[in-house]
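In what follows, a structure is listed as structure tokens, so that the remarks can point back to it.
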Amino acid sequence: MEDINNFAKAVAPQTKQLPSIDGTYLQWRSTCGAELWLQIDRNREYAGINPHFHGPARMRVGLTAYMPSETPSVLDGSFHGWSEPAVAAESNEMTGTYPFVFDAPDASVHRNQTLPIIGEVQIAAFAHEIALFEDEATFYAAQTEDSLKMAAESFIPSGLFGDREGTKARGLFVGKILAVEHKTNSLTNISYWWALVQTLGGQFDVVIDPALVERQPVVGGLVQGSFWLSGRILSDSPSQDVTPAKKGFWSKLFGKAP
């Protein structure tokens, strides 16, 4: 908690405010795309902090449900949706290529949105486990009789395998690397890999700890892994516009700057 509070104090003077019905988000974004989202509740007290990564990946998602978080903070939350969405003619219900769930660092901004709707979402996929392949041939050659067989562009919504209380923003997928870059977080000075990955249903901004891989990702190669999904809805609400935090606002919450 001490480390988390120190991060909050360090970035708070550089944040922009994003108001919501449950409080205020303070958004910090580095030049490398790394983000931190500080949460301030209605009592103007620090309620939590979440990471995100801002990148060029875009996905059309049929948003069907807002899912309150199991954490104590009402500013946390997730959304259920469908990739490549469509409306079923028989039932008039939202459907698509596959359903999945993503956590949203600014969830409260959208939680009263009338659903279902189709929106544009930017999703960052933070790797928990990952393997890299030079090309499709190498990927298919690595599959064994005992391994889970997956196509070169495929997605399994692993976070939906439990009951609703156990639903998580998780996914297993394989995809092709369209772009890659070695980045350094300006706040921590820690390096990581970013890759724009095309998979079934759309694109993800994949973030990789170098300790998880033995080689660097390459354009044209494939990634396969397990990921936490953090997404921002980009096209459903004009209230997403952020404004600079008022001078002195952060100091009331965290005290003097470190």
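The values are calculated or read from the model by the stated rules, or taken from the named source; none is laboratory data. Computed from a prediction, not measured in an experiment: that's the story for all the values here. Backbone-built Cβ (ideal geometry, glycine too); neighbour counts: all protein chains shown.
Can you work out which of the residues in the range 179-190 that are within 20 Å of A8 (Cα to Cα) and not hydrophobic (A, V, I, L, M, F, W, C) is surrounded by the fewest Cβ atoms within 10 Å (Cβ to Cβ)?
Going through the qualifying residues, I end up with N189.
One residue is enough: does the range 166-178 have a residue meeting the conditions exposed (fewer than 14 other Cβ atoms within 10 Å of the Cβ) and on the phi < 0 side of the Ramachandran plot? Within the range 166-178, one or more residues are exposed (fewer than 14 other Cβ atoms within 10 Å of the Cβ) and on the phi < 0 side of the Ramachandran plot.
Of all the listed residues (Q113, Q39), the sole one being touching a strand residue (DSSP E or B) at 6+ places or on another chain (Cβ under 9 Å) and within 30 Å of P13 (Cβ to Cβ) is Q39.
Within the range 82-94, the only residue that satisfies the criterion of being in a loop (DSSP other than H, G, I, E, B), in contact (Cβ under 8 Å) with a residue 12 or more places away in the chain and touching a Ser or Thr at 6+ places or on another chain (Cβ under 6 Å) is E84. Of the listed requirements (1) in contact (Cβ under 8 Å) with a residue 40 or more places away in the chain; (2) more than 25 Å from P51 (Cβ to Cβ), K149 misses just one: (1). Do the conditions hold for I156, that is, is it within 27 Å of M67 (Cβ to Cβ) and in contact (Cβ under 8 Å) with a residue 12 or more places away in the chain? Spelling it out, I156 is indeed within 27 Å of M67 (Cβ to Cβ) and in contact (Cβ under 8 Å) with a residue 12 or more places away in the chain. Scanning the range 18-45 for residues that are over 25 Å from N189 (Cα atoms), assigned to a strand (DSSP E or B) and in contact (Cβ under 8 Å) with a residue 60 or more places away in the chain gives L18, P19, S20, G23, I40.
Got a sec? Which of T97, T114, T144 is assigned by TED's automatic domain parsing to the domain that holds L212, β-branched (V, I, T), part of a loop (DSSP other than H, G, I, E, B) and closer than 30 Å to Y25 by Cβ?
T114
Of all residues in the range 53-81, those satisfying the criterion of being aliphatic (A, V, I, L, M) and not in a strand (DSSP E or B) are A57, V74, L75.
G159 passes every criterion in (1) surrounded by 12 or more Cβ atoms within 10 Å (Cβ to Cβ); (2) out of contact with any helix residue (DSSP H, G or I) (no Cβ under 7 Å at 6 or more places or on another chain); (3) within 30 Å of A10 (Cα to Cα) apart from (3).
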